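Data first, discussion second: the structure below is written as structure tokens.
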Amino acid sequence: MGNKSELIILGIESSCDDTAAAIIRNDLILSNQVSGQAIHMAYGGVVPELASRAHQQNIIPVVDLAIKNAGISIDDISAVAFTRGPGLLGSLLVGTSFAKGFALARNIPLIEVNHLQGHVLAHFIREPSVDSKQPKFPFICLLVSGGNSQIILVRDYLDMEVIGQTIDDAAGEAFDKCAKVMGFPYPGGPLIDKFAQSGNPLAYKFSKPKIGGLDYSFSGLKTSFLYFIRDRIAENPNFIVDNKADICASLQETIIQVLMTKVVKAAKETGITTFAVAGGVSANSGLRSALIDLAKVHNWEMHIPPFKFTTDNAAMIAIAGYYKYLNGEFASHDMVPYSRVTMK
Ligand code: KG4
């Protein structure tokens, strides 16, 4: 293995409730391991203290598996890239400390990665025997996850600007919090997607935010949904069970319309016609088809990555690490993680 013209990067992701490690050779993925944390389901959301402890337990086995499945030796690794933030501080500390220790023990460079930049760069991961089409610069990326909703202008691999973002809840939070109101387990987004498929998206109307520019807001929708359910249950205690599919389809439709409106606005304002989507919510089947339809109507190029690269994963951290390595961007060992940050 390992010759001078190739870089082998170990990526580490531990920003929330997934402990993940991946190996890439240049931009080609060799392995991608993710260990989720089922413990949070019992609490209806991620419990930060439990997440940190689970990361501590999982990190070494997950990295070990990533190295084994990549078919490389630990000596082949050229650098270690890790998520510095944003995310849960205790969770980030586990990945950061592991990466520092690994870099120090192996005497290799350390590379810090912004989690959000990683989500965008997931579009550039190549897979063996898959002929994927990568977005050309400049493009606009809609990043929708449990913690973020942003519209990002991507000029180059490491040159990105957030041109719109949520001022309160993220789109994933809107899905999950409304799902909780209906009594669904965490995370409720995928369940709303599932039930929505047999429902009428026009059955109910929910309030949409009136917010300027390219920013989003989802907290008003969450509140109006809560009151809507409360009032309907007062009339019919079985309202949710009787109308589950229609409620889910209407709620999903509202979230999609809110997201789409600003994507169209961003296209108008920038003149850019290449689009990409990233983050866990981009797994939503309604959002995927809405984006594809929008692209057809406007003659845009739309890039939707495979599911495994849309949710939290370490391959996206490794690919970001690869481009940072090429750019000579290395981290010092005295740096600390950050819980909140926008893209630089
Ligand atoms: O990017 P991600 O894996 O991690 C975090 O940001 O934590 O995103 C997770 C979010 C959750 O809110 C989850 O409910 C949402 O993505 N999600 C979905 C779907 N799959 C995941 N939301 C709607 N429909 C889906 N199919």
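With the requirement that a residue be touching a Phe, Trp or Tyr at 6+ places or on another chain (Cβ under 9 Å) and more than 13 Å from the ligand (Cβ to nearest atom), what does the stretch 267-290 give you? Of everything in the stretch 267-290, those that are touching a Phe, Trp or Tyr at 6+ places or on another chain (Cβ under 9 Å) and more than 13 Å from the ligand (Cβ to nearest atom) turn out to be Ala267, Ile272, Thr273, Thr274, Phe275, Ala276.
Restricting the stretch 136-181 to residues that are open to solvent by 60 Å² or more (accessible area, probe 1.4 Å) and within 12 Å of the ligand (Cβ to nearest atom), the residue that is nearest to Met302 (Cα to Cα) is Lys177. For Phe184, are the conditions met, namely being outside any loop (DSSP other than H, G, I, E, B), over 30 Å from Lys133 (Cα atoms) and within 16 Å of the ligand (Cβ to nearest atom)? Spelling it out, it is not the case that Phe184 is outside any loop (DSSP other than H, G, I, E, B), over 30 Å from Lys133 (Cα atoms) and within 16 Å of the ligand (Cβ to nearest atom). Candidates Leu153, Leu116, Leu158, Leu104: the one that is out of contact with any Gly (no Cβ under 7 Å at 6 or more places or on another chain) and closer than 21 Å to Cys16 by Cα is Leu116. Please work out which one of (1) open to solvent by 40 Å² or more (accessible area, probe 1.4 Å); (2) β-branched (Val, Ile, Thr); (3) farther than 21 Å from Gly101 by Cα is the condition Ile29 fails and give its number. Here Ile29 meets the rest and fails (1). Of the set (1) charged (D, E, K, R); (2) assigned by TED's automatic domain parsing to the domain that holds Lys268; (3) in contact (Cβ under 8 Å) with a residue 24 or more places away in the chain, all apply to Asp156 but (3). Of the residues Phe225, Phe195, only one is part of a helix (DSSP H, G or I), under 28 Å from Asp312 (Cα atoms), within 16 Å of the ligand (Cβ to nearest atom) and open to solvent by 20 Å² or more (accessible area, probe 1.4 Å); which? On inspection, the qualifying residue turns out to be Phe195.
So that you can scan it fast, the table gives a plain yes or no per residue for (1) outside any loop (DSSP other than H, G, I, E, B); (2) open to solvent by 30 Å² or more (accessible area, probe 1.4 Å); (3) touching a strand residue (DSSP E or B) at 6+ places or on another chain (Cβ under 7 Å):
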site: Ile247; (1), (2), (3): yes, no, no
site: Lys268; (1), (2), (3): yes, yes, no
site: Val281; (1), (2), (3): yes, no, yes
site: Ser332; (1), (2), (3): no, yes, no
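Residue-level check: of (1) away from the ligand (no atom under 16 Å from the Cβ); (2) in a strand (DSSP E or B); (3) open to solvent by less than 40 Å² (accessible area, probe 1.4 Å); (4) not β-branched (Val, Ile, Thr), Ala22 misses just (1). Asn243: crowded, with 17+ Cβ neighbours inside 10 Å, more than 16 Å from the ligand (Cβ to nearest atom), outside the structural domain of Gln37 (by TED's automatic domain parsing) and at pLDDT 95 or above, yes or no? Criteria met by Asn243. In the stretch 211-219, the condition of being buried (at least 20 other Cβ atoms within 10 Å of the Cβ), hydroxyl-bearing (Ser, Thr, Tyr) and either within 14 Å of the ligand (Cβ to nearest atom) or outside any helix (DSSP H, G or I) (or both) is met by at least one residue.
The values are calculated or read from the model by the stated rules, or taken from the named source; none is laboratory data. Everything quoted here is computed from the prediction, not taken from an experiment. FYI the Cβ positions are ideal-geometry reconstructions off the backbone, even for glycines, and counts take in every protein chain you see. We work out accessible area using only protein heavy atoms, side chains counted, and drop any ligands, DNA or RNA first. Shrake-Rupley method; radii C 1.70, N 1.55, O 1.52, S 1.80 Å.
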